[in-house]
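Notes for the one structure printed next.
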Amino acid sequence: MAKRSNTKDQRMRERLIQEAARIMAEEGVRDHFQAKRKAAERLGAPDTRNLPSNREVQSALVEYQRLFLGEEQGAWLRSLREAAVQAMGFFEPFRPRLVGPVLSGTADQGCDVHLHVFAETPEEITLFLMERGVPHETSERRLRFGRDQWEALPVIRFVAGEHVVDLTVFSPKGLREAPRSQVDGRPMARAAVAEVEALLAADEAGAAEAFPP
């Protein structure tokens with residue numbers, strides 16, 4: 001009986017993984033926990049304690065995009081990475097690093113370009129934008145460092161062409177330690193502009209090979 005119950009639980013877990021990935025891919029839900037809760041409600045198990053991990057959903061999301069979005073998602077990703085390279089050149093004095101879905105490759109049409117920038121004060125960034133006539137808005141974001149240390153950091157957002165650029169402002173010491181990823185709890189992956197340019201070149205080469213003129 002226990003074996004049958006375990007098999008049933010595993011089937012439900014697999015269904016939750018696939019549905020949460022589909023919700024993130026098709027409905028633009030960015031938060032893994034929110035996608036999992038939506039999936040549980042739609043599968044008739046709103047009170048389940050058998051939710052999959054964020055990492056499981058992320059892996060399924062990558063596979064879903066590969067199977068069902070293909071060329072369309074690849075075009076969105078290349079456009080976002082091009083915007084990231086341009087923004088990183090613009091913010092070169094602040095040692096920008098790309099993070100998030102645009103770096104990992106899971107970005108879709110509605111994603112923003114997320115950069116970490118480094119300055120003595122957030123006002124350096126806002127003054128930099130004001131002097132160049134770039135309208136922007138400010139807010140804060142709570143990020144986790146280490147096992148259980150949370151910190152509220154300044155966020156600056158502005159529109160660049162077709163995309164929104166989202167800057168999280170760190171002190172110069174922030175280059176030494178990245179905040180923890182919401183996906184797997186490890187230090188967040190960061191990429192300098194040369195790495196993003198290499199990813200973009202690989203994207204374009206792959207697209208040319210898959211869809212020759």
_Among the listed residues ALA20, ALA25, ALA35, identify the single one that is closer than 24 Å to ARG186 by Cα, assigned to a helix (DSSP H, G or I) and touching a Pro at 6+ places or on another chain (Cβ under 9 Å)._
ALA20
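Residue-by-condition table, conditions (1) under 21 Å from the mean Cα position of the chain (by Cα); (2) closer than 23 Å to ALA178 by Cβ:
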position: GLY100; (1), (2): yes, yes
position: ASP108; (1), (2): yes, no
position: PHE118; (1), (2): yes, yes
position: GLU124; (1), (2): no, yes
position: LEU127; (1), (2): no, no
position: MET130; (1), (2): no, no
position: GLU137; (1), (2): yes, no
*If you go through segment 82-98 one residue at a time, do you hit one that is farther than 20 Å from ALA198 by Cα, at pLDDT below 95 and either out of contact with any Leu (no Cβ under 9 Å at 6 or more places or on another chain) or surrounded by fewer than 17 Cβ atoms within 10 Å (Cβ to Cβ) (or both)?*
no
*When segment 161-187 is examined, which residues are found to be among the aliphatic types (A, V, I, L, M), in contact with a helix residue (DSSP H, G or I) (Cβ under 9 Å, 6 or more places away or on another chain) and more than 17 Å from ALA83 (Cα to Cα)?*
VAL169, VAL183
*Return only the number of the condition from (1) within 15 Å of the chain's Cα centre (by Cα); (2) surrounded by 16 or more Cβ atoms within 10 Å (Cβ to Cβ); (3) among the acidic types (Asp, Glu) that ASP203 does not satisfy.*
(1)
*Residues being more than 15 Å from HIS114 (Cα to Cα) and either touching a helix residue (DSSP H, G or I) at 6+ places or on another chain (Cβ under 8 Å) or part of a strand (DSSP E or B) (or both): count how many of those fall in segment 139-160.*
6
*State whether the residues of segment 125-137 include one that is touching a Phe, Trp or Tyr at 6+ places or on another chain (Cβ under 7 Å), closer than 24 Å to PRO187 by Cβ and not acidic (Asp, Glu).*
yes
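The values are calculated or read from the model by the stated rules, or taken from the named source; none is laboratory data. Bear in mind that the values here come from a model prediction, so they are computed numbers and not experimental data. With ideal geometry, Cβ positions are generated from the backbone for all residues, glycine too; neighbour counts draw on all protein chains shown.
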